Amino acid sequence: MFSRRREGGRHARDNSQRRARAEQHNEPPAGDEPAVPSVGPFDVSEAPDGVQRLDLGSLKIPAIDGVEVRVQANPDGAVQQVVLVHGENALQLGVFAAPRSEGIWEEVRAEIRKSLFDDGVAAEEIDGEYGVELRARVRTPEGLTDLRFVGIDGPRWMVRGVYQGGAAVDPAGAGPLVECLHGLVVDRGQEAKPVREPLPLRLPKELAAQAQEGAAGAQEPVVEVDDAPPPVNGSGPSQPPRRKPSPRPRRT
């Protein structure tokens, strides 16, 4: 489908610190400060121009050589799952609404860890490019799978990535998948949304039309584009584990 290789409050401070750490890893050239941060995920208001991206609505994914974007979508074009694949490594992406005043990754991370513990899985907190990450080994129908959960708080949004494969154990092995995360763009929109609600993702019109045609004679209600791998049970990356997207009547 697409195969090419804040201001104010604790929220803004957290995001600035994480962005600074990521930029140190990326080692931008010395000199004057760039007009926009050199490392994403970017808010749509600060995204660099001149980059080819797949527009999925709330997420815009850069075209990186060797990386396949695998999308599972309904016949109407609504996207349920996005997975980036490079070799034996995968990065599953999700994007969620967050409050204006603070980030939610710390809270979500604690709940993922508890969910894993309740399933009998030990999770380890590690220091990563964007701050604290979670690493765990879970049992799936295909056998034991290593996972690494990464969270980045942005202005009224949070991106969560789940690495699978060797990149879950050795971040240096993620290769082009990291470039995709660095170039990711989030379009949060202005409407109020419950905290933790997944932001809407949709196929581009031409691809949605192809999905509808492919599903016309099928019995299954979901069309898979490029056959994305299934989400991990329990703490799967499709949305925060074992809680409704909006546990409190907060809107952002």
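The values are calculated or read from the model by the stated rules, or taken from the named source; none is laboratory data. Quick caveat: nothing in here was measured; it's all calculated off a predicted structure. For neighbour counting, all protein chains shown are included, and Cβ atoms are generated from backbone atoms with ideal geometry for every residue, glycine included. Heavy atoms of the whole protein, side chains included, go into the accessibility calculation; ligands, DNA and RNA do not. Shrake-Rupley method; radii C 1.70, N 1.55, O 1.52, S 1.80 Å.
Gly128 versus (1) over 15 Å from Ser58 (Cβ atoms); (2) surrounded by fewer than 17 Cβ atoms within 10 Å (Cβ to Cβ); (3) touching a Pro at 6+ places or on another chain (Cβ under 8 Å): which is the lone unmet condition? Failed condition: (2).
Strands (runs of 3 or more DSSP E) fully within segment 44-149 that include at least 2 residues being under 25 Å from Pro200 (Cα atoms) and not aliphatic (A, V, I, L, M): 53-55, 59-62, 67-73, 79-86, 89-97.
For segment 150-193, taking the residues that are charged (D, E, K, R) and not in a loop (DSSP other than H, G, I, E, B), the one that is farthest from Pro48 (Cα to Cα) is identified as Arg160.
When you look at Ala78, is it open to solvent by 10 Å² or more (accessible area, probe 1.4 Å), more than 19 Å from Gly57 (Cα to Cα) and small (Gly, Ala, Ser), yes or no? Step through it out loud before you land on a result.
Working: open to solvent by 10 Å² or more (accessible area, probe 1.4 Å): yes; more than 19 Å from Gly57 (Cα to Cα): no; small (Gly, Ala, Ser): yes.
Spelling it out, it is not the case that Ala78 is open to solvent by 10 Å² or more (accessible area, probe 1.4 Å), more than 19 Å from Gly57 (Cα to Cα) and small (Gly, Ala, Ser).
Looking at segment 182-192, which of the residues that are at pLDDT 95 or above and open to solvent by 10 Å² or more (accessible area, probe 1.4 Å) is nearest to Trp157 (Cα to Cα)? Going through the qualifying residues, I end up with Arg188. Scoring Glu7 on the criteria (1) more than 21 Å from Val162 (Cα to Cα); (2) modelled with pLDDT of 90 or more; (3) open to solvent by 60 Å² or more (accessible area, probe 1.4 Å) leaves a single failure, condition (2).
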